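The values are calculated or read from the model by the stated rules, or taken from the named source; none is laboratory data. If you're wondering where the values come from, they're calculated on a predicted model, not measured in any experiment. Here Cβ is always computed from backbone atoms with ideal geometry, including for glycine, and neighbour counts include all displayed protein chains. For accessibility, only protein heavy atoms count, side chains too; no ligands or nucleic acids. Shrake-Rupley method; radii C 1.70, N 1.55, O 1.52, S 1.80 Å.
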Amino acid sequence: MLVGRGIIDNLPNPFWVQLLYIVSLTVQTCDCMAFMTLKFFPMFSRRSGNLTPFSVFAVRAYACCLFPFKLLCFFLRKYNIGHTEVGQSVGMCFLLMHSVTAGYYIYAAMTVGKGGFRVEPFTGVMVFHLGMVAWTLTAFYVEGRVSY
């Protein structure tokens, strides 16, 4: 039973904001399936020697943590990002996740010679994560200043 739903909770996100969460869930569900099966990633082949028991555990644990977060964002996508606490909280977590991920990938790519790891295709991964950051910031800006 939903308790305390006010009139502001009935103002859903416009479709272009909901699409942000739909696209992210779709792309990262594919990522999670690839991480769980360790297929479709050439850097995770048994022949390359990159897979230790710990690395398999870490990659699969990451997938287990990422998928529920993305699913939760998808389920809460209708809460307005600029006018509800739930929408703002989901939007901030979404923004933080994609910002930190992009920052970490940049750091890892800069330290390849010192034991870091470069995600490939680097440009594609960065375009996706920074695109999600820009899309979320746009949603906060546009929806935050709309008056109902």
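Of the heavy-atom accessible surface of the stretch 73-125 (probe 1.4 angstrom), what whole percent is carbon and sulfur?
For the stretch 73-125, the apolar C and S fraction of the accessible surface comes to 66 percent.
With the Cα gyration tensor of the stretch 62-102 giving a ≥ b ≥ c as the square roots of its eigenvalues, does the rule (a/c under 1.5 for rounded; else a/b larger than b/c for prolate; else oblate) give rounded, prolate or oblate?
oblate
Taking amide H positions as placed 1.01 Å from N in the peptide plane, with prolines and chain starts having none, which residues 5 or more places from Tyr79, or on another chain, fall under 5 Å of its amide H?
Counting only residues 5 or more places away or on other chains, the set is Asn13.
Please list 91-98, 137-144, 105-112 highest first by mean number of surrounding beta-carbon atoms within 10 Å per residue.
So the peptides 91-98, 137-144, 105-112, ranked by packing, come out 91-98, 137-144, 105-112.
Per the Kirkwood definition applied to all pairs of different Cα atoms, how many angstroms is the hydrodynamic radius of the stretch 69-148?
Answer for the stretch 69-148: a Kirkwood hydrodynamic radius of 13.8 Å.
Using a 1.4 angstrom probe on the protein heavy atoms only, could you order Ile81, Ile22 from most to least accessible area?
I get Ile22, Ile81, largest accessible area first.
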